[in-house]
Every structure is written in C-alpha cells, then in structure tokens.
Amino acid sequence: MNAIAFNGVTKKYGDVVAVDGLTLDIAAGSTVALLGPNGAGKSTSINMLLGLLRPTSGDIKVFGNGPDEAVTRGDIGAMLQEGALIPELTVRESVDFIRRLYPDPLPLDEVLRMAELTDLAGRRADKLSGGQTQRVRFALAIAGGPKLLLLDEPTAAMDVESRRSFWDNMRAYAAQGRTIVFATHYLEEADQNSDRVVVVARGKVVADGTAAEIKSGVAGHTVSFRLGLQSAAGLDALPGVSAVEIQADRVTVRTGDPDATLDALYRKTTLDVRDLQVHGADLEDAFLALTKES
Amino acid sequence: MSHYLKIELLRMVRNKRYIIFVVAFPVVFYLLYSNLWGDQVDETTGLKGAVVLMVSMAAYGALAASIMSSAVPWAQERHSGWLRQLQITPLPGWAIICTKLIASMVLVLPSLLLVGLAAVLTQGVSLPAGEWAGLIGSLWIGTIPFIALGLTIGSLLPPDTAQPVAMIGMFGLALLGGLWFPVEVMPSAMKSIAQVLPSYDYASIGWKIAAGDAPDASSVLGVVGWAVGLGALAVFAYRRATVRA
C-alpha cells in the first residue's frame, strides 16, 4: 500500500504556481528525499500532506485517507521548517504533552533516547541551544509513533556533527518500518540517507529514482585529453557529445555515453590522444542539469 | 485534553510577567490602598473602604489575569509555529481555544482569592458566606468577556503588537472602569465612557453584592452583552487565525 499518493496536485498562490500537477506515489516503509532548490515546491507539498494547505486542484491521500483524517488518526508526525517550543516547559514536559495526543505513542524514555535528549530532559526550552532545540523538534515529530514522518529541511540550522547524528537517529526510526519523506537542498544528504530521490523543480518532478540512477540519467560525463596544436574540428560530431570546451591545450568533451564517444575518438579520428581523463557525473552535476531554468 | 490544560497552567505559573502583574500587583496595591483609605466609609452605600477596595483590586486582578494569560501567549504561539505543531497532531482545533478559555479562567482565581484573603487577614473584612460565594462566583464568571477580548487580540495581532495592545486594553479598562479611582470623581466625559465599559459593569456587580444588594440588571446585561459580542468576535478571529488556505 502507498503511504502517500499525490494525484495531479496543483497549488497556486494567485498567479504563482508553487506545485504544478504533481503526481507521485511513495511506498510504505521507504525513505524518500525530495530534492530541489529553494522555491521548488517542497515545503508546499509537505504542508499539503499535513492539511495545513489545501491543493488548488488534484487529490492527496495518506494511507488511503485525506490529509486531515490522517492527522486526526495520528498517522503523521512532522518537523516543519520553523517552530519554536514553549519557553517555560521542560523538554520532558513538551515531549510528553505531544506524545499523549496520539492514540499509540512511543514510550517517553524511548523518544528521549532516540532524539539523544535523555540528559536534557529536565531543561527548560528557553535554556536550549539551537541544535538542542532541533533535537526536541525531532522528538516531537516521532513522539506519537507516526507511520509517516515528514521532515522539511531538518538539518538547516545544524552544524556538521549534529547533522551526522541527526541522520543516524532518523535511520534508526526508519528501521522500525516507518515511511520517511524529507525535503532538502543538500545533495549529499539526499544521496546518503534515502533509498529514493525525487528531484523537484518549479513544482514538478524532474527526476525520480535511486541516487545512482539519477546520476547516470544525465549527460554529465566528461572526456578530456591534451589536444596540443591539433584541431578540435569534428569532436562535436562524435556520438553522445553535447558540448566541447577548449582550455589552454586541453579539450573537454561532455557526453551522455562515454563508451561510444571514446570508441569513436580512437577509431574514427586521427587525433593523437594524450593524457586521457574520464569523469563520471556526480549528483551535483545531475542536480544542476535537472533543475536549471529551461 | 486535561493534560493540555495542565501544561497551559504550568507554563503560566512559571511566567514572571504573569506572577508580577497579575498575582502580586493587585494584592500589593490592596495592602497599600486599604492602609490609606480602608477606614473611610462610602456615604451612599455605607460600605467601608476596605471592602470597596477589595472588590476593585480583585476585579483588577481578574481583569489583568484574563487578558494577560490569553492575548500575548496566544499571539506568540501562533507566531512561533507552536500552533502549527499542535495542528499536525490529533488534537482537534476546537480543543485549543476551549483549553485556552478554561486555563485563563483558572488563572484568574489566584488574584481573586488572594485579594480576598488579604482583606480578611489585614482589614478584618467579613461577609456572610452567601455574599462571599456570590461575589467570587460573579467576579469569576464575569471574566469571560475579558478572556474573549484577550483571545481576539492574540488571534489578530503579532506578538510585538499584541503585547502593548493587551497592556493598554488592560489598564484602560481598569482605569476608565473605575477600578483604580471611583467613577464619581471622574470628569463627566470620562464618566459616560466608563458606564458603557464592561469593566465598570463587572466591578459594579461586585460592589453591589459586597454591599448586600442584588446587582443592577443593567450591569448584568452589560457584562452578558459584552460576553456575547466579544465571544463571537473571538471565535471569528480564532477561525481567521487558524484557517487553512
């Protein structure tokens, strides 16, 4: 069964289209990254999943129900972009309050442990650092033991060390068979922490698959060698080639099919190829290629 | 929901502004004023100053508690994202405003009871049991229009505006309603303003009961009318603040 089903969902703010006919299914139990630049429609999509925003048209289902019903049943937990705590309450009080609102919550001690808050449980929210506050917000998101966890750029305010442990904690929660969807504009986070990456740009899905599939689907390989005084004429006609650049005495050829390009380079030209280098696309190249304004 | 109420009460009790402005102020001013004017007797009602001031300061404390415990915390919660945090839990939307109302009503009680206790202990005020019950009961229920006003302010304004507006509303209602100075000594223009304010009707009910009389129907109607009007406004403002676009 799908945890999430977007069916032709569009969200407009006046004339601005934030989400443009989004159709997307996410299987229960998977961990999916929504990867895209700012303004791609990631937050709008997450807020629609939570019933905080209504689609202009189209239909959203969460475990077969509308978003409002899914929220009422306690199926969803979320860590939204902004969100302060009540300053006068301790970590334990806040987490316990939220978890008791759910029909089938996790035990309090387990929530505190999973968010690494056991030692901070008695501290008031106004005495927490930024990174500690983020951990409490993660704890609030998982406290009810939701089947679906939504994280909207959860590591935005974290340093490197907190980020690493945050993703460890997230994976521990995912390992309990929960569905997780997180929005990010960090490619590395999407690559390392998800089993599926959905790249969105301008409110549409522009690529969908594992990080490896997305990398390979983009004409992002380069073949380069020392050209010396030879002419570069004809290189742009080789199979797979999309661009030719010359810098000093080196030529760099961008290609979607490096095997075919190299084969033709040796067999069908008379060029003297020296100091050859072949680079695969990384996710960043793929991302930039996919999300650039067309 | 009872746990939600507990949380709301806990946070306000830990809030210094609430403790100082709402719980300590009325008691301290009662002690001060009653030492100055406690022995004076009001000629029209025959009430001792110590009793009149008890009602005035209890009414002020209750008024302050109603507005301060509703407007600013609610504006802050909306602004800081805590409201969104609640909206994505199974807690139903109506439970939020109902809990706020009940919490504010509970938070009114300390100032009401402490001023009464100060009057009994320091000024030897004594009333028949029925009058105590009537006085405290009506001053308690009568805070509903002020809580509604506070929730309206909190729903419509951002926190940095809600704070001064709540303060001005609170002191304005207290001053013009005759809680700090008797309405009789005010210039006639202020007097006519006072008489349409809910705070004047509210305190008048208390003064009448403390004097052993039945409250004026006009005062009761005034408080009920304001409660209905501000209550409707509060519900409208709450819906507007929590609408899902």
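What is the one condition in (1) surrounded by 19 or more Cβ atoms within 10 Å (Cβ to Cβ); (2) under 26 Å from A:L53 (Cβ atoms); (3) within 11 Å of chain B (Cβ to nearest Cβ) that A:E88 does not satisfy?
(2)
With the structure loaded, tell me whether A:M1 is within 11 Å of chain B (Cβ to nearest Cβ) and either under 17 Å from the mean Cα position of the chain (by Cα) or in contact (Cβ under 8 Å) with a residue 12 or more places away in the chain (or both) or whether it fails that test. First the steps, then the outcome.
Details: within 11 Å of chain B (Cβ to nearest Cβ): no; either under 17 Å from the mean Cα position of the chain (by Cα) or in contact (Cβ under 8 Å) with a residue 12 or more places away in the chain (or both): yes.
Spelling it out, it is not the case that A:M1 is within 11 Å of chain B (Cβ to nearest Cβ) and either under 17 Å from the mean Cα position of the chain (by Cα) or in contact (Cβ under 8 Å) with a residue 12 or more places away in the chain (or both).
Looking at the range B:78-93, which of its residues are closer than 11 Å to B:T242 by Cβ and at pLDDT 90 or above?
Our first condition is that a residue be closer than 11 Å to B:T242 by Cβ; within the range B:78-93, this holds for B:78, B:83-84, B:86-87, B:93.
Correct list: B:R78, B:L83, B:R84, B:L86, B:Q87.
Select from the range A:74-84 the residues that are more than 7 Å from chain B (Cβ to nearest Cβ) and of a type outside the set (G, A, S) and write down the one among them that is surrounded by the fewest Cβ atoms within 10 Å (Cβ to Cβ).
Within the range A:74-84, the subset more than 7 Å from chain B (Cβ to nearest Cβ) is A:75, A:77, A:79, A:81.
If we keep only those that are of a type outside the set (G, A, S) too, we end up with A:75, A:79, A:81.
Numbers: A:D75: 24, A:M79: 23, A:Q81: 17.
So the residue we want is A:Q81.
Mind checking whether some residue in the range B:59-73 is outside any helix (DSSP H, G or I), modelled with pLDDT of 90 or more and among the hydroxyl-bearing types (S, T, Y)? Spell out how you get there, then give the answer.
Just the residues of the range B:59-73 that are outside any helix (DSSP H, G or I), to begin with: B:69-70.
Restricting the remaining residues to those that are modelled with pLDDT of 90 or more gives B:69-70.
From the residues that got through so far, the ones that are among the hydroxyl-bearing types (S, T, Y) too are B:69-70.
The answer is yes, given that some residue of the range B:59-73 is outside any helix (DSSP H, G or I), modelled with pLDDT of 90 or more and among the hydroxyl-bearing types (S, T, Y).
Out of the helices (runs of 4 or more DSSP H) lying entirely within the range A:75-150, which hold 2 or more residues that are more than 20 Å from B:P90 (Cα to Cα)?
Numbers: elements: A:91-99, A:108-114, A:130-142.
Qualifying helices (runs of 4 or more DSSP H): A:108-114, A:130-142.
Tell me, which residue of the range A:254-279 that is among the β-branched types (V, I, T) and under 30 Å from the mean Cα position of the chain (by Cα) is surrounded by the most Cβ atoms within 10 Å (Cβ to Cβ)?
The first filter runs over the range A:254-279 and keeps only residues among the β-branched types (V, I, T), leaving A:255, A:261, A:269-270, A:273, A:278.
So of that shortlist, the ones also under 30 Å from the mean Cα position of the chain (by Cα) come out as A:255, A:278.
Details: A:T255: 23, A:V278: 15.
That would be A:T255.
Out of all the residues in the range B:135-155, which are more than 10 Å from the chain's Cα centre (by Cα) and surrounded by fewer than 20 Cβ atoms within 10 Å (Cβ to Cβ)?
Hits for the range B:135-155 are B:I136, B:G137, B:S138.
Go through the range A:101-123 and count every residue that is more than 20 Å from A:Q176 (Cα to Cα), buried (at least 18 other Cβ atoms within 10 Å of the Cβ) and within 14 Å of chain B (Cβ to nearest Cβ).
1
Of all residues being of a type outside the set (A, V, I, L, M) and within 21 Å of the chain's Cα centre (by Cα) in the range B:78-123, which is farthest from A:I76 (Cα to Cα)? Just the residue, please.
Within the range B:78-123, the first condition is being of a type outside the set (A, V, I, L, M), and the residues that meet it are B:78-82, B:84-85, B:87, B:89-90, B:92-94, B:98-100, B:104, B:110-111, B:116, B:122-123.
From what's left, within 21 Å of the chain's Cα centre (by Cα): B:98-100, B:104, B:110-111, B:116.
Values: B:C98: 24, B:T99: 23, B:K100: 25, B:S104: 30, B:P110: 39, B:S111: 41, B:G116: 49 Å.
Filtering the range B:78-123 for residues that are of a type outside the set (A, V, I, L, M) and within 21 Å of the chain's Cα centre (by Cα), the one farthest from A:I76 (Cα to Cα) comes out as B:G116.
Only one residue in A:G64, A:G74, A:G51, A:G41 is in contact with a Gly (Cβ under 9 Å, 6 or more places away or on another chain) and more than 28 Å from A:Y186 (Cα to Cα). Which one? Explain how you work it out, then say what you get.
Numbers: A:G64 fails: in contact with a Gly (Cβ under 9 Å, 6 or more places away or on another chain); A:G51 fails: more than 28 Å from A:Y186 (Cα to Cα); A:G41 fails: more than 28 Å from A:Y186 (Cα to Cα).
That would be A:G74, the only listed residue that is in contact with a Gly (Cβ under 9 Å, 6 or more places away or on another chain) and more than 28 Å from A:Y186 (Cα to Cα).
On the given criteria, is A:P55 free of Cβ contacts under 8 Å to residues at least 60 places away in the same chain, facing chain B (nearest Cβ under 10 Å) and surrounded by 17 or more Cβ atoms within 10 Å (Cβ to Cβ)? Let's see the steps before the verdict.
On the way: free of Cβ contacts under 8 Å to residues at least 60 places away in the same chain: yes; facing chain B (nearest Cβ under 10 Å): no; surrounded by 17 or more Cβ atoms within 10 Å (Cβ to Cβ): yes.
In short, no.
Applying the selection to the range A:229-242, what residues are surrounded by 12 or more Cβ atoms within 10 Å (Cβ to Cβ) and over 16 Å from A:A260 (Cβ atoms)?
Correct list: A:Q230, A:A232.
Go through the range B:209-245 and count every residue that is touching a residue at least 60 places away in the same chain (Cβ under 8 Å), in contact with a helix residue (DSSP H, G or I) (Cβ under 6 Å, 6 or more places away or on another chain) and more than 14 Å from every other protein chain (Cβ to nearest Cβ).
Of the residues in that region, 12 qualify.
Give me the residue from the range B:1-54 that is in a loop (DSSP other than H, G, I, E, B) and surrounded by 15 or more Cβ atoms within 10 Å (Cβ to Cβ) and, out of that set, nearest to the other protein chains (Cβ to nearest Cβ). Reasoning before the result, please.
First, the residues of the range B:1-54 that are in a loop (DSSP other than H, G, I, E, B): B:1, B:14-15, B:38-40, B:42-47.
Those still in the list that are surrounded by 15 or more Cβ atoms within 10 Å (Cβ to Cβ) too: B:14-15, B:38, B:42, B:45, B:47.
Details: B:R14: 4, B:N15: 6, B:G38: 36, B:D42: 42, B:T45: 42, B:L47: 40 Å.
Among those residues, the one meeting the criterion is B:R14.
Please work out which residue is modelled with the lowest pLDDT, limiting yourself to the range A:150-169 and to residues that are under 16 Å from A:Q192 (Cβ atoms), surrounded by fewer than 16 Cβ atoms within 10 Å (Cβ to Cβ) and charged (D, E, K, R).
Within the range A:150-169, the match that is modelled with the lowest pLDDT is A:E161.
To keep it simple, each residue is scored yes or no on (1) in a helix (DSSP H, G or I); (2) in contact with an Asp or Glu (Cβ under 8 Å, 6 or more places away or on another chain).
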position	(1), (2)
B:I147	yes, no
B:Q163	yes, no
B:F181	no, no
B:M190	yes, no
B:S204	yes, yes
B:G222	yes, yes
B:A227	yes, no
B:A232	yes, no
B:A245	no, no
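The values are calculated or read from the model by the stated rules, or taken from the named source; none is laboratory data. No experiment lies behind these values; they were computed from the predicted model shown. Positions of Cβ are generated from backbone atoms using ideal geometry, with glycine treated the same way; all protein chains shown enter the neighbour counts.
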